[in-house]
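Since every read-out is calculated from the coordinates, none of them should be taken as a lab result. Keep in mind it's a predicted model, so treat the numbers as computed, not measured. Because the Cβ atoms are built from the backbone with ideal geometry, glycine has one as well, and the counts that use them run over all protein chains shown.
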Amino acid sequence: MRPALALFLREWRIASRIGGGASVGAMFFLILVTIMPFALGPDLKLLGRLGPAILWIAALLATLLGLDRLFQGDADDGSLDSLVNAALPLEAVVLIKCTAHWASNALPLVAISPLFGLMLAMEGPALGLVVLTLLAGTPALTMIGAVGAALTVSLRRGGLLMAVIALPLTIPVLIFGVSAASAASGGGAPFQTPFLMLCALSLLAVAGAPFAAAAAIRHVRE
Amino acid sequence: MARPVGGVNESVPMRLKAENVSLERGGRVLFAPLSLTVSSGEALTILGPNGAGKSSLLRALAGFLPLAAGRFVLDGGDPEQSLAEQAHYLGHADALKGALTAHENLAFWAGVLGAAPDRRASASALARLGLAHVMDFPVRAQSAGQKRRVALARLGVARRPIWLLDEPTTALDVSAQALFAGVMEEHLAGGGLILAATHAPLGLAAARVAQLAPTASLAA
């Protein structure tokens, strides 16, 4: 327990001090969401229909944007060596880093998404359900992105490659997320089915991605 | 789940042996099969020209690199822990996070290496190297020598019998080197082992030397 707590505390402190994580992701989210209405025109109905999709795309890209730093910092200053050999298995290290990353980067996005939903002409009750879909889906995005980050840890500017690797795997999450969010905005389709699928994808990612990422780190380091 | 940290057990002498160890990097065999032995209370200095494989040997001991041939054997010590789990590895890089203070970095390492993250332990480890005053300063505001000493202080917050040190005294001035030599002597007196790759003399009273000679051959 103690090593896990020590690692989480360190990640949290770094994320909250450097500040490049949460605020950059939130800014990116803000930029995307404010530009969309300008590009799509003043048709409020169209905007309302596309609102959930826009929010989800913005959340996806903002999450992937911040993830390439997940292991890069440790690889650069030599901490990765000792994390590989710590009193914790590497899979647990990955899980804890991802949890800290999600808490410091994705949670703020989820928290401000109702505000952006309003900007996209979405209605009240729908906003709450859309936040719920983001809450359920961002863990999957974070874990899948972490696998990409682990694969590109030894590359100097691996951010784009990491996004390219992770993006196809996040498509199912995106599909179910938008489907649930659209259903919440009165799309006529059921909300529960895609939402439960979203939860299942997140659970699957949380269970499987640490092993994939840890294997990638071990392999890449040799 | 966390195992207790294997402290230096003075009643059971440890012996670390490398038997015909050979390493490859990038298809190139680094050095001829190497055998060496280090026992409790002994320090071994690994010398050799750049590229001879000193760092790689230490990394292989720490478990980061696979061996191409041969093996490492540890007699004594904790039979349930691997060699890497009973060793401190200190590489070229300081492995410190600039945004955190010296104490926070040391507390992290103590926690991750299985010891108790404790302000007093950090304070005494830093004081031993003359750095008690930087305890609550962020590491990025410190000089290279101070950062190196904070990295060395990691050796003092979690007790492990084997120290694998790669150029430990880089960026240290003469007085700091003397302080660290004292730290090393204390570790050896307590039954620990030290393997250090270095270009500069470490100031230890009695340290054996292993010379690595690079080979020019390529792996088959």
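Roughly how many nanometres apart are two label points built 7 Å out from the Cα toward the Cβ at A:Met27 and B:Ala68?
Going from the A:Met27 label point to the B:Ala68 one covers 4.8 nm.
Rounding to the nearest 10 and keeping the result within 0 to 90°, find how far the Cα-based axis of helix B:119-128 lies from the longest principal axis of chain B.
Tilt of helix B:119-128: around 70 degrees.
For chain A, modelled as a GNM with alpha-carbon contacts under 10 angstrom, which of A:Ile54, A:Ile165, A:Ile35 fluctuates the most?
A:Ile35
What's the tally of Lys pairs in the protein assembly as shown whose alpha-carbon atoms lie under 26 angstrom apart, where the two lysines are 8 or more places apart or on different chains?
Values: A:Lys97/B:Lys97; A:Lys97/B:Lys147; B:Lys17/B:Lys54; B:Lys54/B:Lys97; B:Lys54/B:Lys147; B:Lys97/B:Lys147.
Pairs that pass both the separation and distance tests number 6.
Could you give each residue of region A:135-140 its phi-based ³J(HN,Hα) in whole Hz, using Karplus coefficients 6.51, -1.76, 1.60 with θ = phi - 60°, and x for Gly or Pro?
4, 6, x, 5, x, 4
Arranged by the count of other C-beta atoms within 10 angstrom, fewest first, what order do A:Cys199, A:Cys98 take?
With the fewest neighbours first, A:Cys199, A:Cys98 line up as A:Cys199, A:Cys98.
Please state the Cα pair-distance histogram of chain A with 10 angstrom bins from zero: what percent is in each bin?
P(r) for chain A, in whole percents per bin: 8, 34, 34, 17, 6, 1.
For A:Ile35 and A:Arg157, calculate 0.36 nm times their separation in residues minus their Cα-Cα distance, and state this gained length in nm to one decimal.
The span from A:Ile35 to A:Arg157 would gain 41.2 nm if fully extended.
Taking the alpha-carbon centroid of each part, what is the distance from region B:112-135 to region B:155-177 in angstrom?
Result: 14 Å between the Cα centres.
Angle between the Cα long axis of helix B:102-112 and the longest principal axis of chain B, 0 to 90 degrees, nearest 10?
The answer is roughly 50 degrees.
What's the average, rounded to a whole number, of partner chain beta-carbon atoms within 10 Å of each residue's beta-carbon in A:1-7?
Counting Cβ atoms of other protein chains within 10 Å of each residue's Cβ and averaging gives 6.
If you line up the long axis of helix B:174-189 against the longest principal axis of chain B, both from Cα atoms, how many degrees apart are they, to the nearest 10?
70
What average count of beta carbons from other chains do you get within 10 Å of the Cβ of residues in B:102-109?
On the way: counts 0, 0, 6, 2, 0, 3, 10, 5.
Going residue by residue through B:102-109 and averaging, the value is 3.
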